[in-house]
Each structure stands twice: as structure tokens, then as C-alpha cells.
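Peer 1: Questions regarding the structure given below will be posed in turn.
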Amino acid sequence: ELKVEQNPLFLSMQEGKNYTIYCNYSTTSDRLYWYRQDPGKSLESLFVLLSNGAVKQEGRLMASLDTKARLSTLHITAAVHDLSATYFCAVEYGGSQGNLIFGKGTKLSVKP
Amino acid sequence: DTGVSQDPRHKITKRGQNVTFRCDPISEHNRLYWYRQTLGQGPEFLTYFQNEAQLEKSRLLSDRFSAERPKGSFSTLEIQRTEQGDSAMYLCASSLGTYTDTQYFGPGTRLTVL
């Protein structure tokens, strides 16, 4: 059974600082996704990572994938308050392109 | 607005009642997914459709749950004889079914079972 673990689950950081969220998964998968969720809202797609060594960047967020280590990272550069949200990684299970297994999420709070 | 829409956004019901939720996917998307999310957790997969065919069902989807997508467009999720443990946010997502296959989520239906 595929398990997806994120850490940390809670992250409080100051504006301007850098930090990394980690996503480990237990079995081989071809696709890894990062989503953002604001309180009371639905999920917004951030990145799709499809191959080993894939790196994608959007603004202050950069995601990478190491399929051999079964690890993805979401790096935050010079955090700003607007990045406060919960971030989920999700891994496709069994190559079915249907069943995404989500981590528990990392609740990020950026304080001035 | 061409995103995924869900109706209703909130539903309060009494234990034992039946409820039905609707999801309208992005128009050209042939895949449609249902997830359930409880407080402080990530979404949990329930089921998905390729056009009108239901291709996968999670073991979370007990006999009280049924989903349909009769014409390959909108979908309904029905919960019969609701229980308090069914209280959750029910999320619908759709995708094109391409290699990158990003799932786009709707706003969700929040179910409260009293």
C-alpha cells in the first residue's frame, strides 16, 4: 500500500526566510503533484513532476523530484505572507492515473 | 467560470437520511474523480470515471455510497442512510486524461450529519 508522508506538518516562518517541505512516498510512482489549499477553499494545482530529477519553479516556490529516493521537496524562497496555506503532495497510485494518495499536508504560516 | 463546480456547497442532514451531491467538470475533461477530506487530513480517493465508465472504487466507498456519471458529463454522488462519520468535505476533480493529467478540483460540498 502506498503511503505518503510530509514533514513538517506545521511550519511557522518569518517573512524573508527560506525553508523546505519534504514529501516521502513508499512505493514507485511516475507522477507527483503539489497542491495548495487556503482555509475553507479547494485545492489549487501548483506543480506536476513526472520524472527523476524534475525541477519546476513558480515564483518563490520550487519543487523537485528524486524517484530513486522516493522524495520530493518544495522549497520556499524569501517567504511572504501570501504563501500562508496548507501544501499537499500527492502521488499517483498504481499507474492508474486515477487514484492519488495525498499526504496529510503542511500548514505553513508566514509571519511578518 | 469554466472551472469544476459542485452543488450544493453545504449540506446539513440528519442521521439516516439520504443525500446527493452533483459535480460538473470542466467541459472537455473526460475524467472525473471524487475525494473525501476530513479536517486536518489530505483528500482521500473515493472513485473515478473515464467518460461514463466507473473505473476505480476505493474500499472507503461502502455499499451506502454510489456514484454515477450517466452521460459522461456531470456526476452525482449519493450517500444513503448517512452516519455521523460521513461528515466531511466531498471534493470533485476533473482532468483531461493526458500524460501530465493534472486534476483540477472543485470548491467541494461540506456535509454535516447531525
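Peer 1: Compute the length gained on full extension between residue A:5 and residue A:73: take 0.36 nm times their separation in residues and subtract their Cα-Cα distance, giving the result in nm to one decimal.
Peer 2: Numbers: separation 68, 0.36 × 68 = 24.48 nm, distance 1.17 nm.
Length gained between residue A:5 and residue A:73: 23.3 nm.
Peer 1: Counting partner chain Cβ atoms within 10 Å of every residue's Cβ in A:37-43, what's the average? Kindly include the intermediate steps, with their values, before the conclusion.
Peer 2: Values: counts 4, 0, 0, 4, 3, 14, 12.
Per residue, the number of nearby Cβ atoms from other chains is 5 on average.
Peer 1: Give me the distance in nm between label points sitting 7 Å out from Cα along the Cα-to-Cβ direction at residue B:30 and residue B:50, one decimal.
Peer 2: Here the answer is 0.8 nm between the modelled labels.
Peer 1: Based on the Cβ-Cβ distance from residue B:59 to residue A:109, what FRET efficiency comes out when R0 is 45 Å, to the nearest 0.05? Kindly include the intermediate steps, with their values, before the conclusion.
Peer 2: Numbers: r = 35 Å, r/R0 = 0.77.
Efficiency, from the Cβ-Cβ distance: 0.85.
Peer 1: Need one value for A:6-15: mean number of C-beta atoms belonging to other chains within 10 Å of its residues' C-beta atoms.
Peer 2: Values: counts 1, 0, 0, 1, 0, 0, 0, 0, 0, 0.
Taking all residues of A:6-15 together, the mean is 0.
Peer 1: What is the gain in length, in nm to one decimal, between residue A:82 and residue A:14 on full extension, counting 0.36 nm per residue of separation less the C-alpha to C-alpha distance?
Peer 2: 23.3 nm
Peer 1: Continuing with this model, one more query. Residue by residue through B:45-53, how many Cβ atoms from other chains fall within 10 Å of the Cβ on average?
Peer 2: Values: counts 8, 1, 2, 5, 1, 2, 0, 0, 0.
Shielding by partners across B:45-53 averages 2.
Peer 1: In nanometres, what is the gap between the two model label sites at residue B:83 and residue A:44, each 7 Å from Cα along Cα-to-Cβ?
Peer 2: About 3.7 nm, to one decimal.
Peer 1: Simple spin-label model, 7 Å along Cα-to-Cβ: residue A:58 to residue A:27 in nm?
Peer 2: Result: 2.9 nm between the two label points.
Peer 1: As a footprinting exposure proxy, order B:23, B:92 by other Cβ within 10 Å, with the fewest listed first.
Peer 2: Details: B:23 26, B:92 29.
Sorted ascending by nearby Cβ count, the order is B:23, B:92.
Values quoted throughout were computed directly from the atomic coordinates according to the rules given, and no laboratory measurement underlies them. Since we're looking at a predicted model, the values are computed, not measured. We place every Cβ from the backbone using ideal geometry, glycine too, and count neighbours over all the protein chains shown.
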